Every structure is written in C-alpha cells, then in structure tokens.
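The values are calculated or read from the model by the stated rules, or taken from the named source; none is laboratory data. What you see is a predicted model; the values in this text were computed from it and never measured. With ideal geometry, Cβ positions are generated from the backbone for all residues, glycine too; neighbour counts draw on all protein chains shown. Remember, those area values only see protein heavy atoms, side chains included, never the ligands or the DNA or RNA. Shrake-Rupley method; radii C 1.70, N 1.55, O 1.52, S 1.80 Å.
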Amino acid sequence: MDPTLATDLARLPDLLDATRHAAAENLATLHTRPVIPPATPLTPEPLPEHGSGTEATLAAFRHRWAPRLSASAGPRYLGFVTGGATPAALAGDWLTAVHDQNSNSALDGAGQDLERETVTWLRDLFGLGPAHTGTFVSGATMSNTAGLAIAREWLGERAGVSPSDDGAAALGPVRVLSGAPHSSIAKALSLLGLGRNALVAVPTLPGREAVDPAALDRALADFPGPAVVVANAGTVNTVDFDDLRAVAALKARHDFWLHTDAAFGAFAALSPEHAHLTAGLDASDSVCVDLHKWLNVPYDSAVQFTRRRDLQARVFQNAAAYLGPLGDHPDLVHLTPENSHRLRALAAWFTLRAYGRRGHREIVERDIACARAFGADLAGDQAFAVLAPVRLNVVCFTLADEPTPARLTALREAVGREVFVTPTVYRGTAALRAAFSNWRTTEADARRAAQALRTAARELV
Ligand SMILES: Cc1ncc(COP(=O)(O)O)c(C=O)c1O
C-alpha cells in the first residue's frame with residue numbers, strides 16, 4: 001500500500017473527526033458568511049506526484065477552496081430553486097459514502113429495498129396512488145428525461161414499433177405539447193433523439209404561465225395521432241400550475257402521454273392551503289420531483305414516478321450475463337439511466353424518518369410565508385415592481401425604473417454578500433427571482449434579504 005494511504009488508514013478515526021470539525025465550523029458560519037464570496041483569482045495547481053495525505057489536503061481545501069464556495073446551503077441563497085441539507089439528510093449523505101453501496105440489484109445487499117421503501121414514502125408524501133412506481137435519479141433534468149424516455153416507448157407501443165430497439169427514427173414526427181415548460185424538457189428531447197423542435201408551445205391563460213386547457217384541446221386535435229403533453233406543476237418564474245385535472249380530462253378526447261414536471265411544485269401537496277394546486281397529479285403517466293430542492297437533501301437527488309414500469313424497463317433494461325432477469329419486480333439496474341449508482345435514497349430516507357410529514361410540511365409552509373413576507377416588502381417599495389402574485393415560494397420582481405439587464409446585474413452584485421437571487425426574463429421584461437426552499441430560512445432572513453435589495457436599489461446609478 002502507498003505509505004501515505006497506509007498512514008491515513010491507520011489514522012482514519014482521527015481524520016473523520018478532523019473532517020467533522022471542519023464541517024461543523026463551516027455550518028456554524030453559514031448564515032454569517034458572504035452568500036456569494038467576492039471572486040478572487042486562483043492559480044491552478046498541478047497534479048501532485050506524491051500526495052500529502054488527508055489532513056494536509058483538508059487544510060489545503062479549507063484554505064484554497066472553501067472560502068471561495070457560495071453559502072448555497074444557507075438561508076439567504078435564494079437563487080434558482082435551491083435547498084440545503086437538513087441535519088438528518090446530511091447524516092444520511094455522509095453514511096452513503098461510508099457504506100458506498102452500488103444499490104442496483106438483488107445480487108447486492110438490501111440497498112435497493114431501502115430505495116423502494118423511500119420511494120413509497122415519497123409517493124405518499126405527494127399524494128400519488130399505488131399505480132405509480134418510482135426510482136431515484138440524479139436531478140429533475142434526469143427525471144424529466146427518464147419520464148420522456150418512457151413516453152417515447154409508449155408512442156412506439158401505439159405505433160407498433162420499439163424506439164428502444166429500433167431508434168427514435170422509427171416513430172416518425174413526434175409532438176410534445178406544453179404551456180411553459182422548464183428548459184430541461186428541451187434538453188431531454190435533444191438527448192432522446194426526439195429533437196428540441198418536437199416541442200410545441202401551447203398558449204397559456206391570459207396573464208398566466210399555466211396552460212390554457214381549451215388551447216391544449218385544440219392543439220391536440222390539430223395533430224393526428226398520439227402525442228406527449230408536458231404539464232407544469234410549478235413554473236420557475238412565477239410558480240404557476242397547470243390545471244392538472246383539466247389537462248388529464250382531455251385524455252377522454254385525445255390519445256396522449258401525460259408527463260408532469262412537478263420538480264418543486266409537488267411540495268405544495270404538503271401544505272393544506274396549497275394542496276389543491278397538485279390535485280390531479282396522480283393522473284399523470286410520469287411525474288418528475290426534485291429532492292435536492294425542497295426536500296432539502298444534498299445534491300444530487302430526484303425521483304421519477306411512472307404508471308408504466310413495464311415500458312420503463314424496456315427503455316432502461318441492461319441485459320448482461322451476470323444480472324438477474326427482468327421479472328415482475330425488476331432490479332433497479334433495469335429501471336434507471338445509470339447502471340451503477342450510489343445509495344442516493346439514504347439521505348431522503350434519513351430526513352423523512354427524522355422529521356416525518358409534519359416536519360417537512362413545516363419547512364414548506366415557513367418558506368411560503370418567507371416568500372410572502374419578502375414579496376410584500378418589495379411590493380411596498382416604489383423602487384420595485386413585483387411581477388406576479390406570490391403563489392408559492394418564488395417572488396418574481398424587477399426595478400420599477402429602467403429594469404435593464406445591466407442595472408439588475410449591478411443590483412445583484414451589490415447585494416451578493418447578503419442575498420443571492422437569479423436573473424430571468426418574464427414576459428419580455430428583465431427581472432429577478434427569489435426562491436425560498438431552504439430549511440433554515442426564517443422570516444428575519446426574508447426581511448433582511450429584502451432590506452438589502454431596497455438599500456442597494458437606492459444607491460444604484
Ligand atoms: C420545474 C423545474 N424542472 C426541472 C428543473 C431541473 O432541475 P435540475 O437542475 O435539478 O436538473 C428545475 C430546476 O430548477 C425546475 O424548476
């Protein structure tokens with residue numbers, strides 16, 4: 001054994017303690033450190049010929065890299081839709097690496113059973129019925145991709161061909177209809193050989209990002225043959241929800257696969273006040289939910305549900321001499337885009353076991369309250385215009401005067417130590433979004449973030 005490696009092995013408990021100490025220090029200062037640290041250039045180091053061991057490497061990381069990382073796990077990082085890691089999720093994630101399972105088949109231990117148990121809990125959490133089975137994937141983009149891959153196979157079933165065997169070309173032209181899809185849908189279509197141009201934009205309701213069901217009805221009638229509809233349960237800009245029941249009801253008149261992107265909107269089901277937004281989710285043929293967003297497990301984790309596990313297995317089956325047959329309960333290796341994968345479910349299992357439905361409902365409701373407080377503070381300030389009602393956990397806003405991309409960038413940069421928000425364009429207007437999805441965020445954080453923006457707006461030229 002390499003001598004440095006042997007020394008590390010002998011000192012493993014001490015090294016884990018040192019790492020724990022560094023982690024605790026980092027987390028203790030998460031809410032006081034700059035949310036986005038100032039950019040300072042760093043000269044890349046060459047690959048070392050001889051390593052310096054874990055202790056020296058930990059010191060180097062803490063010196064060179066840690067101060068340059070954002071406080072994205074903290075309470076005022078409001079960019080994209082970003083969760084942190086609850087204490088239990090963090091513990092589960094650490095143990096994922098400790099056990100280092102490749103939990104994809106019955107040849108191994110019970111890892112895939114743990115994943116199945118966790119998926120069942122998640123299915124309950126989001127109000128999906130027993131017809132849905134699910135698997136863990138790396139994020140909502142991959143969940144959307146897997147859902148649309150199953151949709152592609154369903155189109156093949158309708159046409160009497162198998163795209164997974166014969167390629168996407170066997171299908172002929174494909175139409176994927178959606179009101180305001182997330183950008184990852186186009187990426188998925190590119191990856192799946194269906195092409196970004198397969199996406200057909202369906203008009204949304206006036207002043208909304210939710211699809212107009214009557215327009216969708218017409219668009220489906222215009223296209224002969226089976227189609228794919230992507231419903232959106234929580235758009236990124238304004239968290240608008242398609243009327244999922246109305247969309248699903250169109251199945252009585254048209255033949256289509258219904259995929260719902262509920263990456264973070266599915267969590268509305270946890271709040272009795274907002275659960276109606278997800279009514280009808282169960283009728284979807286496939287559903288995407290991200291877990292590294294509002295479940296607050298570390299990256300990278302999402303779940304993908306479907307009613308057609310048989311088609312999923314046709315797409316993702318991995319025939320190899322050493323793997324078991326598909327059977328009625330296929331091993332996960334036959335259901336997921338990856339073959340090998342980490343025991344990704346463990347962090348989700350930990351946080352669901354530790355805090356239960358109630359604990360996660362509290363996080364969701366507190367984040368919604370924070371979004372409302374933040375939105376109200378900006379709406380009460382003449383320097384800002386809030387561009388849409390705060391439906392859930394995102395506030396979409398801009399400067400009342402001259403909302404140019406340059407001024408918004410200047411505003412974002414001016415507040416970067418205090419709060420991080422991301423740029424967007426909403427209805428042709430350059431804007432900003434603040435998304436509340438972290439388990440640590442309090443109303444005081446929301447008000448502090450709003451105050452930072454209000455002060456900076458006064459100082460803008
Ligand atoms: C609605 C929606 N779908 C998909 C995604 C893609 O998620 P990820 O970056 O985890 O792949 C996002 C990310 O913000 C999202 O909001």
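With every protein chain left in place and a probe of 1.4 Å, what is the accessible surface of Thr145, to the nearest 10 Å²? Solvent-accessible area, nearest 10 Å²: 10 Å². Measuring from a point 7 Å past the Cα of Phe80 along Cα-to-C-beta, which residues in segment 170-194 have an amide N at less than 14 Å? Of the residues in segment 170-194, 183-184 have backbone N under 14 Å from the label point off Phe80.
Taking Lys and Arg as +1 and Asp and Glu as -1, the other residues whose beta-carbon sits under 13 Å from that of Thr204 total -3. Full extension of the chain between Leu47 and Asp124 gives 22.9 nm of extra length, using 0.36 nm per residue less the Cα-Cα distance.
For Phe256, the residues whose modelled amide H falls within less than 5 Å of its own, excluding neighbours fewer than 5 places apart on the same chain, are Ala227. Beta bridges per DSSP, both residues in the chain: antiparallel share near 60 percent.
Dimensions of segment 311-461 based on its C-alpha atoms, expressed as ranges along the principal axes with the largest first, amount to 68, 35, 27 Å. For the pair Thr32 and His63, the difference between a 0.36 nm per residue extended length and the Cα-Cα distance amounts to 9.3 nm. The local environment of Val230, defined by Cβ-Cβ distances under 12 Å, has a net charge of -2 under the rule Lys, Arg +1 and Asp, Glu -1.
In the chain, the DSSP-assigned H stretches of four residues or longer account for a calculated mean residue ellipticity at 222 nm of -12500 deg cm²/dmol, using -39500 (n - 2.57) per stretch and the full residue count as denominator. Here the Karplus relation 6.51 cos²θ - 1.76 cosθ + 1.60, evaluated at θ = phi - 60°, turns the backbone of segment 125-137 into coupling constants of 4, 9, x, 8, x, x, 5, 8, 10, x, 9, 7, 9 Hz, with x for every Gly and Pro. Can you give me the Cα centroid spacing of segment 383-461 and segment 189-218 in angstrom? If we compute the Cα centre of each part, the gap is 28 Å. Farthest towards the positive end of the charge dipole of the chain, among the residues Val174, Val315, Gly375, is the Cα of Gly375, using unit charges on the Cβ of Lys, Arg, Asp and Glu.
The simple spin-label model puts a point 7 Å past each Cα toward its Cβ; for Met1 and Ser340 those points are separated by 2.1 nm. Here's how it looks for Phe384: its modeled amide H is under 5 Å from those of Ala400, which are all 5 or more places away or on a different chain. So the label point goes 7 Å from the Cα of Thr442 along Cα→C-beta, right? Which residues of segment 22-44 then have their backbone N under 13 Å from it? The answer is 31-32, whose backbone nitrogens lie closer than 13 Å to the label point.
The stretch between Glu273 and Ala10, if pulled fully straight at 0.36 nm per residue, gains 89.2 nm over its current Cα-Cα span.
For the set Phe305, Phe316, Phe350, solvent exposure ranked by accessible area (probe 1.4 Å, protein chains only) runs largest to smallest as Phe350, Phe316, Phe305.
Using the Cβ-Cβ distance between Arg218 and Glu25 with R0 = 45 Å, the FRET efficiency computed as 1/(1 + (r/R0)^6) comes to roughly 0.15. Taking only the Cα atoms of segment 357-426, the ratio Rg/Rh comes out at 1.03, with Rh defined as the Kirkwood radius. Note on Val461 and Ala252: the model spin-label points, each 7 Å out from Cα along the C-beta direction, lie 6.3 nm apart. For Arg158, put the label point 7 Å out on the Cα→Cβ axis and report which residues of segment 235-263 keep their amide N under 12 Å from it. Zone members listed by number: 251-259. The residues packed around Pro298, meaning those with a beta-carbon under 15 Å from its beta-carbon, carry a net charge of +1 if Lys and Arg are +1 and Asp and Glu are -1. Gyration tensor over the Cα atoms of segment 262-391: the corresponding equivalent ellipsoid has semi-axes (square roots of 5 times the eigenvalues, largest first) of 37, 16, 14 Å. One equal scatterer on each Cα of the chain, no solvent, Debye formula: the resulting log10 I(q)/I(0) at q = 0.10 Å⁻¹ is -0.81.
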